[in-house]
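For reference, the structure is listed below as structure tokens.
The values are calculated or read from the model by the stated rules, or taken from the named source; none is laboratory data. Because the structure is predicted, anything quoted here is derived from the model rather than measured. Neighbour counts are summed over all protein chains in view; Cβ atoms, including those assigned to glycine, are modelled from backbone coordinates with ideal geometry.
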Amino acid sequence: MITFETFFDEFVYYLGHGERFTSHLHLQKNCRLYCAHVAGDLFRLLAGTPVWAMSTPAEVVYLLWNWKSAILSIMLRVPVFAVAAARHGLEAMALATFAEAVVCGFNAGCYAAVVQIVRNRKPVWLTAMIIAVGLPTVGQVIEYKVHAWRGTPHAEVAVIVSTVLAAIASLFNWYAMKRGALLVGGESSSFGNDLRQFPLLLAHFFWLGPRWVLQRVGWIE
């Protein structure tokens, strides 16, 4: 029987090439124990990251803002807000796209930098939850507050679409970074080289889901 747990198990395994998610905690009965384990995992996940070893503010900023992912996210998500505000005139559309470009550039760059830091951390399942749920949620709350404050037309619908895109983009960042793309700092290659890899990485990433289904039904090995 296919359950959420078995699907998540296979997805994390194929995405992260790490250990399978094998914990079978009964969350309702063992909530406190589970939270204690997660807190310990989070501490181990963050312990020893190079953030704390940075010597200058510029190095910290460079580490905590991935400009490559920021550019790609702006290109992906700004059109959503442009379309949402288009019927309210050119000025509303321009203001909405500008606000989204600023917020998206900041959010996407920051949490892509976090993805780069934790991309090889274990447990893999916890890394997956932080990348797929935690980081996009924080970013989208900020995004919604900004657009609500400035009165962006249809902000709720646009933010919902943007949230889905952000979660997918975060997982893709993880997938690409584990293969050496979209990195910044000393581990990085040129942005042009990353873009040349982009179509193949994107195709392989979106093949993960169909491949899992085909393997479960026995059509491929």
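Considering each residue of the stretch 116-129, count those that are of a type outside the set (Phe, Trp, Tyr) and not in a loop (DSSP other than H, G, I, E, B), and give that number.
Adding up the residues that qualify gives 8.
Which members of the stretch 145-203 meet the condition of being more than 23 Å from residue 127 (Cα to Cα), of a type in the set (S, T, N, Q) and at pLDDT below 85?
Of everything in the stretch 145-203, just one residue is more than 23 Å from residue 127 (Cα to Cα), of a type in the set (S, T, N, Q) and at pLDDT below 85, namely 152.
Every residue, every condition in (1) free of Cβ contacts under 8 Å to residues at least 40 places away in the same chain; (2) within 23 Å of residue 114 (Cβ to Cβ); (3) aromatic (Phe, Trp, Tyr); (4) part of a helix (DSSP H, G or I), yes or no:
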site: 135; (1), (2), (3), (4): yes, yes, no, yes
site: 143; (1), (2), (3), (4): no, yes, no, yes
site: 149; (1), (2), (3), (4): yes, no, yes, yes
site: 167; (1), (2), (3), (4): yes, yes, no, yes
site: 174; (1), (2), (3), (4): no, yes, yes, yes
site: 194; (1), (2), (3), (4): no, yes, no, yes
site: 212; (1), (2), (3), (4): no, no, yes, yes
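Given the structure, is residue 87 charged (D, E, K, R), under 20 Å from residue 202 (Cα atoms) and either part of a helix (DSSP H, G or I) or out of contact with any strand residue (DSSP E or B) (no Cβ under 6 Å at 6 or more places or on another chain) (or both)?
Judged against the criteria, residue 87 is not a match.
Could you count how many residues in the stretch 176-192 are closer than 26 Å to residue 137 by Cβ and free of Cβ contacts under 8 Å to residues at least 60 places away in the same chain?
So the count comes out to 3.
Please indicate, with yes or no, whether at least one residue in the stretch 125-138 is of a type in the set (A, V, I, L, M, F, W, C), closer than 24 Å to residue 78 by Cβ, surrounded by fewer than 18 Cβ atoms within 10 Å (Cβ to Cβ) and at pLDDT 85 or above. Let's see the steps before the verdict.
Going through the stretch 125-138, the residues of a type in the set (A, V, I, L, M, F, W, C) turn out to be 125-126, 128-133, 135, 138.
Retained after the next criterion (residues that are closer than 24 Å to residue 78 by Cβ): 131-133, 135, 138.
In the following step, the residues that additionally are surrounded by fewer than 18 Cβ atoms within 10 Å (Cβ to Cβ) were identified as 133, 138.
Pick out the ones that are also at pLDDT 85 or above and you get 133, 138.
Checked the stretch 125-138: at least one residue is of a type in the set (A, V, I, L, M, F, W, C), closer than 24 Å to residue 78 by Cβ, surrounded by fewer than 18 Cβ atoms within 10 Å (Cβ to Cβ) and at pLDDT 85 or above.
Hey, among the residues in the stretch 37-79 that are touching a Gly at 6+ places or on another chain (Cβ under 7 Å) and crowded, with 19+ Cβ neighbours inside 10 Å, which one's modelled with the lowest pLDDT?
Among those residues, the one meeting the criterion is 63.
Which residue pairs have Cβ atoms under 7 Å apart, sit 6 or more places apart or on different chains, and have a first residue in the stretch 59-81 that is under 15 Å from residue 181 (Cβ atoms) and among the hydroxyl-bearing types (Ser, Thr, Tyr) and a second that is modelled with pLDDT under 90 and not in a helix (DSSP H, G or I)?
Listed pairs, sorted by first residue: none to list.
Assess whether residue 167 counts as being within 15 Å of residue 77 (Cα to Cα), of a type in the set (A, V, I, L, M, F, W, C) and buried (at least 19 other Cβ atoms within 10 Å of the Cβ).
no
When you go through 94, 113, 82, 99 one by one, which is the residue that is in contact with a Phe, Trp or Tyr (Cβ under 7 Å, 6 or more places away or on another chain), assigned to a helix (DSSP H, G or I) and either at pLDDT 85 or above or surrounded by 22 or more Cβ atoms within 10 Å (Cβ to Cβ) (or both)?
Criteria check complete, one pass: 113.
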